[in-house]
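So the structure is just underneath, and the comments pick up after that.
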Amino acid sequence: MLERGKMERGVVELVDTESLMPQEHLLRKVDRAVDFGRIYRIVEPLYSKDEGRPSVDPVVLFKLVLLQHLEGISSLRGTLRRAETDIAYRWFLGYTLNEELPHFSTVSYNFRHRFTEETIEAIFRWILDEAGSVGALTPTAVFVDGTHIKASANLNKKIRQEVPVAAKRYQEGLLAEINADREAHGKKPFDDDMDDKPPKCGGKKRDNTSKKKLARRKKAGFKTVTKSTTDPECGVFAKGKHQRQFAYEAHTVCDKNGYILEAVVTPGNVHDSVAFDDVYDKVTQAFPEIETIVADSAYKTPHICKKVFGDGRVLSTAYKRPMTMKGGHEWWKYVYDEYYDCVICPEYQVLSYRTTNREGYREYCSDPKICAQCPTRQLCTRSKNCVKTVLRHIWKAYEELADDAR
């Protein structure tokens, strides 16, 4: 029998959210598994004990963020709009059916102005401790990568700004090894402060460096970057066929089960290898049992290889194709002779050591008289002075360890 006109909307019933919440709902499982009372102890120092108005329950604020990520909602405003009509959300937050929810600006204000980075870090570590206590984490091998997140900033609202180039964190140690390598080859060491001081007048220039080179190095200490006037903390992301845009990059480390063990957020124009030090130092301090670092070829740099293998760990990376001259000899035809410290070219001629530059690369150069008569010179070099130069980093041995691990 067909029934029509089911419109009982104004009926008053005595119900509670507990009876309406399904027993097997995901949020019930989350509520049973997590002791949210721990949050009170973490945020208590951020609240006054006897002054001001009663605050929104801090557990509710963090539960809203959890709901946003569990359901994949793009904003807190959308999460609160969903909570207005979703009984399961209200049950999880501890609100009745008619109780007014916090305004989305209240939630945003607390996370922007009240909760500090230390607060978020403490809660993140607490969650990892909870997961580790039940054996969910397997940090023996971890995976590192970066993901770009589009910033809410118009690419047309920008300015060009000159900023100083940040010194590499490993520069001091690299310079020490460069100078040791130069001295071992009978070369004069570099000065670590020569970028700041001009050569002495009336005497021999330090390190035989001309004024022109010093001026060029000083100018190289600055770079011009594009900054957003809307969000100055983001950076321009441009890679391959991706759309050019302002973005951030989240550099994350996870285990084989997909649990995020560490995350560092940088502007979108910061390369993965540049942010590696911060991510690596934090995750290895929290999980010293890590044995293997798995990463893509962007992380296969001499410094990262030395840092990881020097700590007694293994770096497993993808294959990185060497950048050689198009149509020329294959890279593997230039063989390095460790005993004689030279490079043998495809025509079995010796490229002798010339110097070690400031970037840490040894330069091996050919004899121009021999190269001028070489039958395959066009496959080797097209330089006017008929000199072939092969570069080999002083930390190349660590890169070879990464190749062996692969």
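Since every read-out is calculated from the coordinates, none of them should be taken as a lab result. All of these numbers come straight from a predicted model, not from anything done at the bench. Cβ coordinates were reconstructed from backbone atoms using ideal geometry, including for glycine residues, and neighbour counts include every protein chain displayed.
For Asp145, the residues whose modelled amide H falls within less than 5 Å of its own, excluding neighbours fewer than 5 places apart on the same chain, are Thr252.
List the GluC sites (Glu not before Pro) in segment 251-303 that DSSP assigns to loop (not H, G, I, E or B) and whose Cβ has at most 16 other Cβ atoms within 10 Å. Which are they?
Numbers: sites: Glu262, Glu289, Glu291; in loops: Glu289, Glu291.
Those satisfying the criteria are Glu289, Glu291.
Taking neighbour Cβ counts within 10 Å as the exposure measure, how do Tyr319, Tyr40, Tyr259 sort from fewest upward? Walk me through the numbers on the way to the answer.
On the way: Tyr319 8, Tyr40 12, Tyr259 17.
With the sparsest Cβ surroundings first, the list reads Tyr319, Tyr40, Tyr259.
Taking the Cβ of Thr96 as the centre, find all other residues whose Cβ is under 9 Å away and add up their charges (Lys, Arg: +1; Asp, Glu: -1).
Numbers: positive: Arg90; negative: Asp16, Glu99.
Charge balance in the 9 Å sphere: -1.
Net charge in the neighbourhood of Val350 (other residues with Cβ under 15 Å of its Cβ; Lys, Arg +1, Asp, Glu -1) is 0.
Assuming R0 = 22 Å, what is the FRET efficiency of Phe36 and Asp16, from their Cβ-Cβ distance, to the nearest 0.05?
Values: r = 20 Å, r/R0 = 0.93.
After rounding, the FRET efficiency stands at 0.60.
The coefficient of translational diffusion for the chain, derived via Stokes-Einstein from the alpha carbon Kirkwood radius under 10 °C and 1.306 mPa s, stands at 59 µm²/s.
Starting from the Cα-Cα distance between Phe190 and Glu84, subtract it from 0.36 nm times their residue separation and give me the gain in nm to one decimal. Kindly include the intermediate steps, with their values, before the conclusion.
On the way: separation 106, 0.36 × 106 = 38.16 nm, distance 6.69 nm.
That pair, Phe190 and Glu84, stretches by 31.5 nm at full extension.
Sort out for me the Cα centre separation of segment 85-128 from segment 342-406, rounded to whole Å. Comparing the Cα centres of segment 85-128 and segment 342-406, I get a distance of 60 Å.
Please sort by residue number the chymotrypsin sites (Phe, Trp or Tyr not before Pro) in segment 97-168 whose DSSP state is loop and whose Cβ has at most 13 other Cβ atoms within 10 Å. Can you show the working numbers first?
Values: sites: Phe104, Tyr109, Phe111, Phe115, Phe124, Trp126, Phe143; in loops: Phe115.
Here no loop site has a sparse enough neighbourhood.
Distance from the Cα centroid of segment 276-311 to that of segment 1-29 is 53 Å (rounded to whole angstrom). Distant-in-sequence amide contacts of Cys342, defined by a placed amide H-H separation under 5 Å and a gap of 5 or more residues or a different chain, comprise Asp337.
Which shape class, rounded, prolate or oblate, goes with segment 17-133 when its Cα gyration tensor gives a ≥ b ≥ c as root eigenvalues, a/c under 1.5 marks rounded, and past that a/b bigger than b/c marks prolate? Since a/c reaches 1.5 but b/c is at least a/b, the shape of segment 17-133 is classed as oblate.
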